[in-house]
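Working notes, beginning with the structure itself.
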Amino acid sequence: MADRTPPTLTLTLSEDSAYAHATGDALYYSDASGAFTVTATAGDGLAGLSAVTFPDTVSEGMAYDQGGALQAAVAHLHRFGVDGSRPFSGTATVTAIDQATNATTQSIHLVRDVTPPEAWVEALLRSDDVHIPVTWGADDGQSSVGKA
């Protein structure tokens, strides 16, 4: 009986520095030095996993041999630098392949966010009762600063 069932694959993003922000399947990173991790959880109950492959993005990708394992959690650390030598914005696709060569892909979205957020303060002074209401806020159209 031929195995035509692709492996399962889910991705989790996590920030490993203050200069990265993960939300859902998107990760925003700055032009400072830092890192983030993509963890792939894969499984194949029939032929077993052959490899989990991470693409080149802000740093080199890598293929991790799974040697027929039925389940695996594979973490890949991506480092980005202040020199901006490997800027990357776009979709990055991680692939899980089983021993029967069936493949599954999942994507993450990386955004190099080098635009500072806008911040503002408004103050109104009432001289008759010394009441000073102050409002402030911040907004970054990319990485969700100031968004609920």
Taking every other residue with Cβ under 13 Å from the Cβ of residue 76 and scoring Lys and Arg +1, Asp and Glu -1, one gets -2
Binned at 10 Å from 0, what are the whole-percent values of the Cα-Cα distance distribution for the stretch 1-63, short to long?
18, 41, 24, 12, 3, 0
Compactness of the chain as Cα Rg over 2.2 N^0.38 Å, two decimals:
1.48
GNM on the chain, C-alpha springs below 10 Å: top fluctuator among 74, 134, 121?
134
For residue 134 and residue 23, what does the FRET efficiency come to when R0 = 41 Å and r is the distance between their Cβ atoms, rounded to the nearest 0.05?
0.90
For a footprinting-style exposure proxy, rank 109, 76 by other Cβ within 10 Å, fewest first.
109, 76
Below 12 angstrom from the Cβ of residue 29, what's the summed charge of the other residues (Lys, Arg +1; Asp, Glu -1)?
-1
Once both labels are modelled 7 Å past Cα along the beta-carbon direction, what's the residue 60-residue 12 spacing in nm?
2.7
Please find the FRET efficiency linking residue 91 to residue 71, where r is the Cβ-Cβ separation and R0 is fixed at 22 Å, and quote it to the nearest 0.05.
0.25
Tell me the net charge near residue 116. Cut-off is 14 Å between Cβ atoms, residue 116 excluded, with +1 for each Lys or Arg and -1 for each Asp or Glu.
-4
Tell me, what ³J(HN,Hα) does each residue in the stretch 107-120 have, in order and in whole Hz, if you take phi through Karplus 6.51 cos²θ - 1.76 cosθ + 1.60 with θ = phi - 60° and put x for Gly and Pro?
10, 10, 10, 10, 10, 7, 9, 10, 8, x, x, 8, 9, 8
Residue 59's amide H: which non-local residues (gap 5+, or another chain) put their own amide H closer than 5 Å, with H modeled 1.01 Å from N in plane and none for Pro or chain starts?
79
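Coordinate-derived values only; no laboratory data. This is a predicted model, so every value here is computed, not measured. In this analysis, Cβ positions are derived from the backbone assuming ideal geometry, glycine residues included, and neighbour counts consider all displayed protein chains.
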